[in-house]
1. If you count only protein heavy atoms and use a 1.4 Å probe, how large is the accessible surface of Ser58, to the nearest 10 Å²?
2. Quick one: grab the alpha carbon gyration tensor of segment 31-91, order the square roots of its eigenvalues as a ≥ b ≥ c, and give me rounded if a/c is under 1.5, else prolate or oblate depending on whether a/b is larger than b/c.
3. Let's test the formula: R0 of 45 Å, r as the Cβ-Cβ distance of Ala153 and Lys260. What FRET efficiency results, to the nearest 0.05?
4. Lys115 to Trp72: extension gain in nm, 0.36 nm per residue of separation minus the Cα-Cα distance?
5. Give me the distance in nm between label points sitting 7 Å out from Cα along the Cα-to-Cβ direction at Lys53 and Asp144, one decimal.
6. First measure r as the distance between the Cβ atoms of Lys161 and Leu181, then evaluate 1/(1 + (r/R0)^6) with R0 = 25 Å and state the FRET efficiency to the nearest 0.05.
7. Taking a ≥ b ≥ c as the square roots of the Cα gyration tensor eigenvalues, with a/c under 1.5 meaning rounded and otherwise prolate when a/b beats b/c, else oblate, which class fits segment 13-144?
8. Per the Kirkwood formula on distinct C-alpha pairs, the Rh of segment 102-153 is how many angstrom?
Amino acid sequence: MINKISANSINNYQKVSFGHGQEAANTLTKKQKAVILASSAAGMAPVLMGLAKHKGFSLNPVKILKTPIKDWALFKFAPKEKAIQFEAPQILALATGSVAGGFAGGCIVDKENIKAKKREVLSQLLGNVSVPVACVASGAMLYDKYADKIEGAMPQLKSTKKAAKVFNKVLQKVPNAATTLGLLGVGIFLGNKVSNFINEKLYHKKVERNIRPSDFAPHVDDVCMATSMMNKDSLFGSKLGRIIPIALLVPGYETGIAQKHHNVNNS
């Protein structure tokens, strides 16, 4: 989830990169990356099984295959009390499983970059998952208290036409969307600060992680989590929550493919 890291050394300038945006420089083959993706999924499997069991879903493969796909634990979203709810604790547990699996797979297929992957473990779990989730979760709780007043204050078209009704509903959700993006932006910014701190204090690497508007593009998993958490009581939020386990493959995958690259310019 991290687009760029730049580090200055005494004798030269080095560009050190991990995570998002590193596909072009990455030396891993498609087969190796497939192994890492599969290991990330395998890491989440025990967590998903535990969540499914807690909600009363059968883990018997025969029974699962006889059940309509829409009623599988991963896809069932209603009624709410019988479906897995992907809120902050569940998201953090899944992310941990994904990162653990991705790290294990990465170490198997790319033994030369284990140190880079160890650094990425903390960057992903703390900087790219925990901090954004904490920001969105705390902000969502506060927003929920005043949601009716905020959304009720939005101007509405005085018309009974269907188009007007749709427009009014969309207009009422503008504060929710703006708040979601704002909280996510703050979370990503603070997450980058945490990653900087980790590298500087724990790994003794002075780095600077710069955020640009384009950096938000790879954060599909964060967008899914943030939107779902901000709309957890709605049908839309519940449906979107089904995407979260797939989106959370990203931190595990990014951990597994992490490599250290040096482009040295002697000047």
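1. It works out to around 50 Å².
2. Details: a/c = 2.23, a/b = 1.45, b/c = 1.54.
Oblate, since a/c reaches 1.5 and b/c is not below a/b.
3. Working: r = 51 Å, r/R0 = 1.14.
For Ala153 and Lys260, the calculated efficiency is 0.30.
4. On the way: separation 43, 0.36 × 43 = 15.48 nm, distance 3.84 nm.
Difference between extended and current length: 11.6 nm.
5. 2.8
6. Details: r = 30 Å, r/R0 = 1.19.
So, using R0 = 25 Å, E works out to roughly 0.25.
7. On the way: a/c = 2.83, a/b = 1.46, b/c = 1.94.
Oblate, since a/c reaches 1.5 and b/c is not below a/b.
8. On the way: mean 1/r = 0.0733 Å⁻¹.
After inverting the pairwise mean of 1/r, the radius is 13.6 Å.
The values are calculated or read from the model by the stated rules, or taken from the named source; none is laboratory data. As the structure is a computational prediction, the values presented were derived from the model and not from experiment. Don't worry about glycine lacking a Cβ; one is built from the backbone with ideal geometry, like all the others, and counts go over all protein chains shown. Just so you know, the surface numbers come from the protein's heavy atoms only, side chains and all, with ligands and any DNA or RNA stripped out. Shrake-Rupley method; radii C 1.70, N 1.55, O 1.52, S 1.80 Å.
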